[in-house]
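See structure below.
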Amino acid sequence: MIEYINKRLIDWALWTKRREDGGQGYSGVASYCNMVSTHGSSGAGPVVLDAPEMEIERIVRALRLERIEQYAVVHWVYLAGNLTMERVARELKCHRDTVYVRLHALHLQVMNAMFDATIEAEDRAEAERARMALTAKIPLAKIRQFS
């Protein structure tokens, strides 16, 4: 079990059950609206960012489409409630040790998907820096220095 991934999945499961986004995958209120005071009052609400949970949501949705057996592990371990591994094994019709193996494989898949998303974001940022350097005729090393 990868503890960091386990914590992220637990946080995601709590977020999923709370579901303040109306099931749409994004907040129903713009973050800007939470920061702005209305009519001079200082009662601006806190800015709530669901980005970590939405990242896991995207990964779990892909699992649900591509690897239904892995999604079953997600469902029974994280979404079904506070079940023992013996109970999860009964629901999945396998041995408890098999559940742990599948859970570890799930954690590896989530971790790899998170790494892939990070690499894609870094590649997009690098491409944007290169584009800025071409259009502004500024050396790329100088742009990297400020980002």
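Quick look at the values:
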| quantity | calculated |
| --- | --- |
| Near pairs, Cβ below 8 angstrom, 6+ apart or cross-chain, from the stretch 103-126 (assigned to a helix (DSSP H, G or I)) to any residue that is of a type in the set (Asp, Glu) | Met114/Glu55; Ala117/Glu55 |
| Subset of the stretch 58-99 (residues that are touching a residue at least 60 places away in the same chain (Cβ under 8 Å) and hydroxyl-bearing (Ser, Thr, Tyr)) | Tyr78 |
| Pick from the stretch 111-147, criterion of a type in the set (A, V, I, L, M) and touching a Leu at 6+ places or on another chain (Cβ under 7 Å), ranking: modelled with the highest pLDDT | Ala130 |
| When residues of the stretch 59-94 are limited to those that are surrounded by fewer than 13 Cβ atoms within 10 Å (Cβ to Cβ) and at negative phi, the one modelled with the lowest pLDDT | Asn82 |
| Top-ranked residue of the stretch 95-115 - restricted to ones that are among the β-branched types (Val, Ile, Thr) and farther than 19 Å from Trp15 by Cβ, ranked as surrounded by the most Cβ atoms within 10 Å (Cβ to Cβ) | Val99 |
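The values are calculated or read from the model by the stated rules, or taken from the named source; none is laboratory data. Being a predicted model, the structure only gives us computed values, none of them experimental. Every residue, glycine as well, gets a Cβ built from its backbone with ideal geometry; the counts of neighbours run over all protein chains shown.
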